[in-house]
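**Student:** Please read through the structure below; I'll follow up with questions.
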Amino acid sequence: AEAKDSEIVKGPGIAALPPIEPLADTIEGPVLLVLGDDVSTDTIMPSGARVMPFRSNVQEISNFCFDQMDGTYVERAKATRAAGGHVIVAGRNYGQGSSREHAVLAPRYLGLMAVIAKDFARIHRVNLINAGVMALTFAEVADYDLIESGDPVRMTGVLADVGKTDGLSVRIGARDIPVRLELTPRQADILTAGGLINWLAAKAE
């Protein structure tokens, strides 16, 4: 009871985690990036002296997302946030490297709703789910070559699809692209809730 009344003093490099909304039943937004193979978490969220002072401030550290690959990503992503977010498309082994949670939390704060990849690095895929981001894989790898940056994406009936492995598709441009969403029942609940923190908070209540 005393702890609840205590004031926590935070420096400018520390901020509360931004809230994540539960998964929407319809997701619409553009493909903002089409990336190749072996994109590392260090490429998604760089480290170093200019970035790490903001390690405890997701809102501020998000300004460095993908800046070594595409300096326009952050502003374009922010523009999609209020309109429903955006999607990233990638090749094989997306998110390889360190288990850096910021490489998920920061893009999610910028409006990332789904990543569609040929396949994922194992830990990064789990981190995406824990941050409320759909980690989809191509059912047909060749479909990757049909997608371009700026293509509109529409997913409907999302909540009913969570928990299914096959029979899913994403409308990208004028095509329905078959995808897979491999989740355990627990992961399906976490994704639907909008991430692990939301899921745990609901269980605590």
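**Student:** The conditions are (1) open to solvent by 10 Å² or more (accessible area, probe 1.4 Å); (2) touching a residue at least 24 places away in the same chain (Cβ under 8 Å); (3) not basic (Lys, Arg), and Ala135 fails exactly one of them. Which is it?
**Tutor:** (1)
**Student:** Which one of these does Val31 not meet: (1) outside any loop (DSSP other than H, G, I, E, B); (2) open to solvent by 20 Å² or more (accessible area, probe 1.4 Å); (3) in contact with a strand residue (DSSP E or B) (Cβ under 8 Å, 6 or more places away or on another chain)?
**Tutor:** (2)
**Student:** Report yes if some residue within region 171-187 is among the polar types (S, T, N, Q), under 19 Å from the mean Cα position of the chain (by Cα) and under 22 Å from Ala83 (Cβ atoms); otherwise report no. Give the derivation first.
**Tutor:** First, pick out the residues of region 171-187 that are among the polar types (S, T, N, Q): 184, 187.
With under 19 Å from the mean Cα position of the chain (by Cα) added as a condition, the list becomes 184, 187.
This time we only want the ones that are under 22 Å from Ala83 (Cβ atoms), so: none.
Within region 171-187 (the criterion being among the polar types (S, T, N, Q), under 19 Å from the mean Cα position of the chain (by Cα) and under 22 Å from Ala83 (Cβ atoms)), the answer is no, since none of the residues qualifies.
**Student:** Still on this model: Select, from Asp176, Asp145, the only residue that is part of a strand (DSSP E or B), among the acidic types (Asp, Glu) and either open to solvent by 50 Å² or more (accessible area, probe 1.4 Å) or closer than 18 Å to Leu32 by Cβ (or both).
**Tutor:** Values: Asp145 fails: part of a strand (DSSP E or B).
Asp176 is the lone residue from the list that is part of a strand (DSSP E or B), among the acidic types (Asp, Glu) and either open to solvent by 50 Å² or more (accessible area, probe 1.4 Å) or closer than 18 Å to Leu32 by Cβ (or both).
**Student:** Moving on to the next point. I'm checking my understanding of the structure. Among residues of region 111-122 that are touching a helix residue (DSSP H, G or I) at 6+ places or on another chain (Cβ under 7 Å) and part of a loop (DSSP other than H, G, I, E, B), which one is most open to solvent (accessible area, probe 1.4 Å)?
**Tutor:** Checked region 111-122; the qualifying residue most open to solvent (accessible area, probe 1.4 Å) is Lys118.
**Student:** Still on this model: If the requirement is being part of a helix (DSSP H, G or I), touching a residue at least 24 places away in the same chain (Cβ under 8 Å) and out of contact with any strand residue (DSSP E or B) (no Cβ under 6 Å at 6 or more places or on another chain), which of these qualifies: Arg108, Arg125? Full working, then the answer.
**Tutor:** Details: Arg125 fails: out of contact with any strand residue (DSSP E or B) (no Cβ under 6 Å at 6 or more places or on another chain).
Testing whether each residue is part of a helix (DSSP H, G or I), touching a residue at least 24 places away in the same chain (Cβ under 8 Å) and out of contact with any strand residue (DSSP E or B) (no Cβ under 6 Å at 6 or more places or on another chain) leaves just Arg108.
**Student:** Being more than 30 Å from Glu140 (Cα to Cα), surrounded by fewer than 17 Cβ atoms within 10 Å (Cβ to Cβ) and touching a residue at least 60 places away in the same chain (Cβ under 8 Å) narrows it down to one residue among Pro53, Pro18, Pro12; which is it? If you could, list the steps in order and put the result at the bottom.
**Tutor:** Details: Pro53 fails: touching a residue at least 60 places away in the same chain (Cβ under 8 Å); Pro12 fails: touching a residue at least 60 places away in the same chain (Cβ under 8 Å).
After ruling out the rest, the residue left standing is Pro18.
The values are calculated or read from the model by the stated rules, or taken from the named source; none is laboratory data. Here the structure is a predicted model, which is why all the values come from computation and not from measurement. Reconstructed Cβ throughout: ideal geometry from the backbone, glycine too, with neighbour counts over all protein chains shown. For the accessible areas, the whole protein counts, side chains as well, though only heavy atoms, and no ligand, DNA or RNA atoms are used. Shrake-Rupley method; radii C 1.70, N 1.55, O 1.52, S 1.80 Å.
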